[in-house]
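Worksheet: one structure, shown below.
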Amino acid sequence: MVAGHPSFLKKWLAAGCLTLALSACAGQVFNDPINQPIAHVSEQEGWPLGPDQFGTTVVGVAFSGGGMRAAAFSYGVLNELNRYEIETERGPGRMTDLVDLVSGVSGGSVTAAYFGLKGREGLPEFRSRFLERNAEQGFDTDVSLANVLRIVEDGGVNDRSNFPPWLNENLFDGATYADLFARKRPLVWIAASDIYGRVPFVFEPITFSALCSDLSKVRLSEAVAASAAVPGLFIPINIENFGSSCGGHVPKWLQRGVADPTAPATLRASAAATMRYRSDPERFRYVKLLDGGLTDNFGIHSLAVARTNRDRPYMPMTAEQAVRVQRMLFLVVDAGREPAGDWPRNLASPSGLELAGIVTDVAIDSGVYKGYDYFTTIMKDWEADLRRWRCSLSSAEVRQLRGTLKGWNCADVAFTVGRVSFADAGPELRRRLDEVPTRFKLDPQTLDTVVGAGETALRNNPIFRSFIRKQPRRALTASLDGKAD
């Protein structure tokens, strides 16, 4: 058993590196923080939730992790969503133009960030600029002794000098969060994992204000790379904590999340992490980030936590938006695969390498399904809170917020949550999709399969079909069989 001892292994790797990969050992890790300080919290920009957001119909999408497979599947879902128009208060509206909430983790974060930056107009070029490319040109994937040593010594093979610049040059063209803020819609939540706090780390103004950091200056390529930083393959990304130098405070609803023993566990953990960095910036000077899928592979944590702010029952809407909305469709796009492997048929246990992957998959998948169940409960509570608040308003308050009492029905609000997965694409496609590895490259044939599966999956999804069928048929430009009406 001595040969398996970590210290022995480390010495063996070091000796091997000296003889086989000396030049690699001499390399310097580039892992400077990706963020900058802000002079005062009042200067923190954010999504202002303008008057065009949250009309009578609101669409939200969350894209799961899964490498290029997840990016392509979510792209297919968006393609299909883009084929539909529904009736809105302003007339027929294309459903991709009604998307006000977008979240993404890992591979799904690439699609989420680019869609947030470019909207539906950017969908065609997303395929050519990213999906058809080999994104692994942006980082080292070689299985070598030198790379094993990098994992042991540095915590990962690739540092900031690899994937973020590739994403920046080939896809995001230098775009920062300021460019997202300028578009005003949709709200885009990109999530990585705070590996010390063991909670999602969401790139949003509230998070960065607590760290006295300027989110507007963070490049989208850096946020996406952090969200997709697979442990071992990537060195943890650093976010610097600038303490309380910018003034301000942690929102009271987050502070209550720590103090209230009855608060949801999700809120308490996230609030504790925020308070920890705020209260002791010397000890917690850097937030270490890895793949967002480690803590939330559906990217739904952001909205779930935002909904725990009971100061405003309509949060994250404004009061004006909350009296307009009548229906919301929120689609969780899941590119996860079914369990695989031949080891259940044998008496022998899986190998050590197999077990490492199995344990990781079990931990992530069990959290994913519990998280989705929690999210559906959160959305039902939001619908009930919103209806209760709307029906508590006086006629004068409704007129002030809405401008008129014409057509007002306080109870006319319904939220629909659906999960779009490989299963919706049908048994044959599902088997093929389950064989697609979690890599950041796909051959042309596989890419066509995954994108087409995303389109088929949304078209077949019973929740989506039910939602569409309840809309005025005269407003639809695509039918559920994919043909024009």
**OP:** Mind jotting down the three principal axis lengths of the chain based on Cα atoms? Whole angstrom, largest first.
**Re:** 81, 56, 46
Subject >> Low-density loop positions, chymotrypsin sites (Phe, Trp or Tyr not before Pro), the stretch 404-457 - DSSP coil, at most 14 other Cβ in 10 Å >> reply: TRP408
**OP:** With label points built 7 Å along Cα→Cβ from the Cα atoms of HIS40 and ALA265, find their separation and express it in nm.
**Re:** 4.3
Original post:
Once the piece of chain linking TYR196 and ASP381 is laid out straight, how much longer is it, given 0.36 nm per residue of separation minus the C-alpha distance between them?
Top reply: 63.6 nm
Original post:
So which trypsin sites (Lys or Arg not before Pro) in the stretch 88-183 pass both tests, a DSSP loop state and at most 16 other Cβ atoms within 10 Å of the Cβ?
Top reply: ARG90
Original post:
What size of dipole, in debye to the nearest 20, comes out for the chain about its Cα centre when the only charges are +1 on Lys and Arg C-beta atoms and -1 on Asp and Glu C-beta atoms?
Top reply: 1360
**OP:** Calculate the spin-label point distance for SER466 paired with GLU87, positioning each point 7 Å from the Cα along the beta-carbon direction, and give it in nanometres.
**Re:** 2.2
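Across the chain, how many lysine pairs, 8 or more positions apart or on different chains, have C-alpha atoms separated by under 20 Å? Please give the number.
Details: LYS118/LYS184; LYS118/LYS217; LYS184/LYS217; LYS217/LYS288; LYS370/LYS380; LYS380/LYS470; LYS470/LYS483.
Counting lysine pairs in the chain gives 7.
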Original post:
Between PHE30 and SER128, what is the FRET efficiency for a Förster distance of 30 Å, r being their Cβ-Cβ separation, to the nearest 0.05?
Top reply: 0.50
Original post:
If r is the Cβ-Cβ distance from ASP412 to GLU435 and R0 is 41 Å, what FRET efficiency results, to the nearest 0.05?
Top reply: 0.35
**OP:** Taking all pairs of distinct Cα atoms, average 1/r, flip it, and tell me the Kirkwood hydrodynamic radius of the stretch 97-203 in Å to one decimal place.
**Re:** 15.6
Original post:
Which distance in nm do the two modelled labels at ASP142 and ARG399 give, with both placed 7 Å along the Cα-to-Cβ direction?
Top reply: 7.6
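No value in this document is a laboratory result; all are computed from the given coordinates. Only a predicted model underlies this, so the values are computations on that prediction, with no experimental measurement involved. Every residue, glycine among them, receives a Cβ derived from its backbone with ideal geometry; neighbour counts consider all protein chains shown.
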